[in-house]
Amino acid sequence: MNYLPSPTRYDVGRYRRTGRSGLHLPEISLGLWHNFGGVDVLETQRAMVRFAFDQGITHFDLANNYGPPPGSAEENFKQLLDSDLRPFRDELVISTKAGYRMWPGPYGEWGSRKYLISSCDQSLKRMGLEYVDIFYSHRPDPNTPLEETMGALDHLVRSGKALYVGISSYSAEQTKEAAAILKSLGTPCLIHQPVYNILNRWIEDGLTDVLEDEGIGCIPFCPLAQGLLTNRYLERIPEDSRAAKSHGFLQTSEVERQQVRIQALAAVAAGRGVSLAQLALQWVLRKPVITSALIGASSVKQIEENLAALGGAELSSDELAAIDAACAL
Ligand SMILES: NC(=O)c1ccc[n+]([C@@H]2O[C@H](COP(=O)([O-])OP(=O)(O)OC[C@H]3O[C@@H](n4cnc5c(N)ncnc54)[C@H](OP(=O)(O)O)[C@@H]3O)[C@@H](O)[C@H]2O)c1
């Protein structure tokens with residue numbers, strides 16, 4: 001059946017400006033790292049992407065290597081574009097990245113011009129797109145001059161293959177340098193994609209200051225710590241969870257290591273009358289420097305619960321203190 005998006009999808013209108021750019025992103029964006037690969041059920045993927053778009057989620061984040069197998073998330077996304085979303089291409093912000101190992105040999109990972117440009121070409125082909133909205137350097141490369149990596153990003157914009165560029169997991173210092181190079185080339189750095197959540201706050205140690213100074217947006221990945229900051233693991237590791245999957249990136253040892261903190265955080269959430277996932281998202285989005293929280297999901301129900309976090313009351317100083325105390329356990 002032909003898909004018709006909900007006519008009310010923009011009624012709530014929760015979008016934030018990306019740094020000092022003209023691009024707005026939804027407060028919650030959907031990433032296709034897990035649960036969108038060749039090993040996953042396409043109909044579940046379709047239901048999640050349709051639901052997300054129907055709720056005003058305009059931004060979908062991919063990378064060359066998402067799967068498994070690597071590349072299959074982009075291939076599946078092409079199918080969803082073909083069947084559902086392609087008529088709405090101009091309403092979508094689609095991002096992809098290159099940086100991690102994608103193909104064998106010396107040109108299949110890191111940050112050379114050779115790798116980034118050919119990987120972008122491959123991603124465009126896999127998704128059936130003429131351009132992506134944002135192309136990222138997925139990780140800093142210690143062995144390639146930053147000028148070369150940023151030059152490749154600038155080239156992708158100038159050749160029409162990307163509208164904007166971003167960087168992921170660059171330190172505060174590397175971000176400052178990358179932003180200066182991009183500025184000198186005339187292609188500003190739109191956005192930074194770092195890991196950030198209640199349990200991992202490294203960006204507060206210098207990076208957010210740089211992003212504010214430079215007018216760069218920030219889209220934290222793993223805002224739910226891969227599912228740790230949800231009701232998923234409060235008692236045990238469910239069979240259908242990421243931690244239980246052989247290809248999942250969440251280690252069972254990490255679940256065990258964080259269990260006490262998660263349970264204490266769940267109590268803080270209950271006191272506020274929200275779920276742990278909702279508390280975690282409200283916490284990540286509490287600062288204006290944050291443009292969007294980049295979630296993952298394995299069901300429509302999870303996306304629905306997560307979207308309900310938006311528009312909640314500000315976290316009080318007592319609640320923030322209780323969250324910090326839970327993390328110190
Ligand atoms: N730039 C980078 O290096 C990088 C690295 C990692 C991720 N990313 C991006 O960030 C995106 C998000 O990463 P992530 O998937 O780790 O994010 P996350 O939001 O921290 O975790 C998502 C997982 O949490 C669980 N979950 C979500 N909502 C839930 C709810 N309401 N109740 C119970 N469980 C819930 C699901 O686990 P189950 O699957 O177990 O149900 C879901 O797969 C990725 O798709 C990717 O686009 C980027």
Query - Amide H contacts of Val165 (H built 1.01 Å from N, under 5 Å, at least 5 apart or other chain) - result: Phe135, Leu190
Query raised in the report: To the nearest 20 debye, what charge dipole does the chain have about its Cα centre, counting +1 at the Cβ of each Lys and Arg and -1 at the Cβ of each Asp and Glu?
Result: 380 debye
Query raised in the report: List the lysines whose alpha-carbon lies under 27 Å from that of Lys301, not counting same-chain residues fewer than 8 positions away?
Result: Lys78, Lys245, Lys287
Report task. With the convex hull built on the Cα atoms of the stretch 190-329, state its orientation-averaged projected area in nm². Result -> 8.7 nm²
Requested in this report: May I have the convex hull volume per residue, in Å³, for the Cα set of the stretch 124-253?
Outcome: 147 Å³
Report task. For every helix of n ≥ 4 consecutive DSSP H residues, a contribution of -39,500 (n - 2.57) applies; sum these over the chain, divide by its total residues, and give [θ] at 222 nm rounded to the nearest 500 deg cm²/dmol. Result -> -11500 deg cm²/dmol
Report summary line: Phi angles of the stretch 181-189, converted by Karplus (6.51 cos²θ - 1.76 cosθ + 1.60, θ = phi - 60°) into ³J(HN,Hα) in whole Hz with x for Gly and Pro, give 5, 4, 4, 5, 7, x, 10, x, 6
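State, as an integer percentage, the relative contact order of the stretch 108-225 based on alpha-carbon contacts under 8 Å between residues 6 or more apart.
Reported as a whole number, the value is 22 percent.
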Query raised in the report: Can you give me the relative contact order of the chain as a percent, contacts being Cα pairs under 8 Å and 6 or more apart?
Result: 18 percent
Query raised in the report: What is the projected area of the convex hull of the Cα atoms of the stretch 100-143, averaged over all directions, in nm²?
Result: 3.2 nm²
Query raised in the report: Over all distinct Cα pairs, what is the inverse of the mean 1/r for the chain, reported as the Kirkwood hydrodynamic radius in Å?
Result: 20.1 Å
Query raised in the report: When Thr18, Thr144, Thr44, Thr58 are ordered from fewest to most other Cβ atoms inside 10 Å of their Cβ, what list results?
Result: Thr44, Thr144, Thr58, Thr18
Query raised in the report: Among the aspartates and glutamates, which have Cα under 12 Å from the Cα of Lys97 when same-chain residues fewer than 8 positions away are ignored?
Result: Asp61, Glu74, Glu109, Asp121, Asp133
Query raised in the report: Would you list Val49, Val195 from fewest to most Cβ contacts within 10 Å?
Result: Val195, Val49
Report task. With viscosity set to 1.567 mPa s and temperature to 4 °C, compute the Stokes-Einstein D of the stretch 20-155, Rh being the Kirkwood radius across alpha carbon pairs; µm²/s, no decimals. Result -> 84 µm²/s
Report summary line: In Å, the Kirkwood estimate of hydrodynamic radius for the stretch 226-277 over Cα pairs equals 11.2 Å
Query raised in the report: Across the stretch 133-143, in residue order, what do the Karplus-derived ³J(HN,Hα) couplings come to in whole Hz, using 6.51 cos²θ - 1.76 cosθ + 1.60 with θ = phi - 60° and x for Gly and Pro?
Result: 6, 9, 10, 10, 7, 6, 7, x, 10, x, 10
Report task. Only bridges with both residues in the chain count here: give the DSSP antiparallel percent, nearest 5. Result -> 15 percent
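FYI, it's all coordinate maths here, none of it is from the lab. What you are looking at is a predicted structure, and each value in this text was computed from that prediction instead of being measured. Note that each Cβ is placed from the backbone with ideal geometry, even for glycine, and that neighbours are counted across all protein chains shown.
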